[in-house]
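Please read the structure below before turning to the comments.
Derivation of every value follows stated rules applied to the coordinates shown; laboratory data play no part. Everything numeric in this text was worked out from a predicted model, so none of it was measured. No Cβ is skipped: glycine too gets one built from the backbone with ideal geometry, and neighbour counts run over all protein chains shown.
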Amino acid sequence: MVAQNVVFGILAAVMILAAWRVVTTQNVVRAVLYLVVVLAGAGAQYLLLAQEFIFVVQVIVYIGAIVVLFLFGTMLTRAPIGRDVNLDNDQRWLAALTSLFLLGVMIAVLFDAFHNTHVKPTIQRTSDVANSMFGPYLMPFEVVSVLLLAALVGAIAIARRD
Amino acid sequence: MLLNQFLFLAAVLFCIGVYGVLARRNAVLVLASIELMLNAVNINLVAFGAYRHNIAGQVFALFVITIAAAEVGVGLAIVVLIFRNRASIALDEADLMKG
């Protein structure tokens, strides 16, 4: 349990630092690459909670597909690659105040509700996920597949030149 | 492990995402901040799933990942369209609907 807590602490520190760099760095490509660190850290947290399938999906879908989409987005919009420019707007302090207030409220509520609640992860195997997804959650699964198709068609219809 | 350490991590990531959405003026980076927020929600779902020994947390985190992929696809298509029409993706310049 101690080893798990140490690993959690290292991962959490790295994730929070990288997330902070995502929203503060003045370089678009670097921000996207810091996002990779956060996503990989989240995947490692899933592994720490003994949930293997979601870790694999996180690596494939987020790090493999979504980050590549982001890099294509920066490329297609001719972002200032490699150069540092001003990427923030002038309401930075108000934004910081809002998010700090939100953080305070959430920490207070979570501490009140769940202090001294322990997690003892049991391994949830991929076959359990499959049985659940194609059993009780078959209907949401089909709805999500239709949603993906609609998003695919919509993205092509929006972005094509005509 | 305490449940709260995962929930606090997710809360911090979510608030950093909120800050990014509010403070960034590049549309691609706003989408990246939204990804941070969705990831925080996923950590919460998976942590509660592990705490309750219930598979539903993992299944719904998978659904959230799918919807995040769809959202990024459509969002980047819109960003590319805005760039094509206005030659800029700075969000404070896209104020066509301002009253």
query: GNM on chain B, C-alpha springs below 10 Å: top fluctuator among B:ASN26, B:ASN44, B:ASN54?
result: B:ASN54
- request: Quick one: check the C-alpha center-to-center distance for region A:112-162 versus region B:47-99, whole angstrom.
  value: 14
message: Can you tell me which of A:ILE60, A:ILE107, A:ILE16 moves the most in a GNM of chain A? Springs connect C-alpha atoms under 10 Å apart.
response: A:ILE107
- prompt: Using a ≥ b ≥ c from the Cα gyration tensor of region B:3-86 (square roots of the eigenvalues), is it rounded, prolate or oblate, where a/c under 1.5 gives rounded and otherwise the larger of a/b and b/c decides, a/b for prolate?
  reply: oblate
task: Report the residue, chosen from A:TYR137, A:TYR34, A:TYR62, that carries the largest GNM mean-square fluctuation when chain A is represented by alpha-carbon nodes joined by springs under 10 Å.
output: A:TYR137
statement: The answer for trypsin sites (Lys or Arg not before Pro) in region B:46-99 that fall in a DSSP coil and have at most 11 neighbouring Cβ atoms within 10 Å is B:LYS98
message: On a full-extension model of 0.36 nm per residue, what is the gain between A:VAL146 and A:ARG161, subtracting their alpha-carbon distance, rounded to one decimal in nm?
response: 2.9 nm
- prompt: Which of rounded, prolate, oblate describes region A:11-60, given a ≥ b ≥ c as roots of the alpha-carbon gyration tensor eigenvalues and a/c under 1.5 marking rounded, otherwise prolate only if a/b is larger than b/c?
  reply: oblate
statement: If the label point sits 7 Å along Cα→Cβ of A:ASP128, residues of region B:50-77 with amide N under 18 Å come out as B:50-63
message: Quick check: from the Cα gyration tensor, does region A:118-162 come out rounded (a/c under 1.5), prolate or oblate?
response: prolate
message: Nearest 500 deg cm²/dmol is fine: what mean residue ellipticity at 222 nm does chain B get from its DSSP H runs of n ≥ 4 alone, each adding -39,500 (n - 2.57), divided by its residue count?
response: -28000 deg cm²/dmol
message: Could you tell me the calculated FRET efficiency between A:VAL85 and B:LYS98, based on Cβ-Cβ distance and R0 = 30 angstrom, to the nearest 0.05?
response: 0.80
- request: Would you mind checking which residues have amide H under 5 Å from A:GLN124's amide H? H placed 1.01 Å from N; only 5 or more apart, or other chain.
  value: A:GLU52
- prompt: With a sphere of radius 14 Å drawn around the Cβ of B:PHE6, what net charge do the other residues whose Cβ falls strictly inside it have (Lys, Arg +1; Asp, Glu -1)?
  reply: +2
field: Cα long-axis angle, helix B:27-52 against chain B (0 to 90 degrees, to the nearest 10)
entry: 10
query: Tell me, what ³J(HN,Hα) does each residue in region B:77-87 have, in order and in whole Hz, if you take phi through Karplus 6.51 cos²θ - 1.76 cosθ + 1.60 with θ = phi - 60° and put x for Gly and Pro?
result: 4, 5, 4, 4, 5, 4, 4, 5, 7, 10, 6
- prompt: Taking the alpha carbon gyration tensor of chain A, what are the square roots of 5 times its eigenvalues, largest first, to the nearest whole Å?
  reply: 30, 27, 17
- prompt: Which ³J(HN,Hα) values, rounded to whole Hz and listed in residue order, are derived for region A:71-76 from phi using the Karplus coefficients 6.51, -1.76 and 1.60 in 6.51 cos²θ - 1.76 cosθ + 1.60 with θ = phi - 60°, glycine and proline given as x?
  reply: 5, 5, x, 5, 5, 5
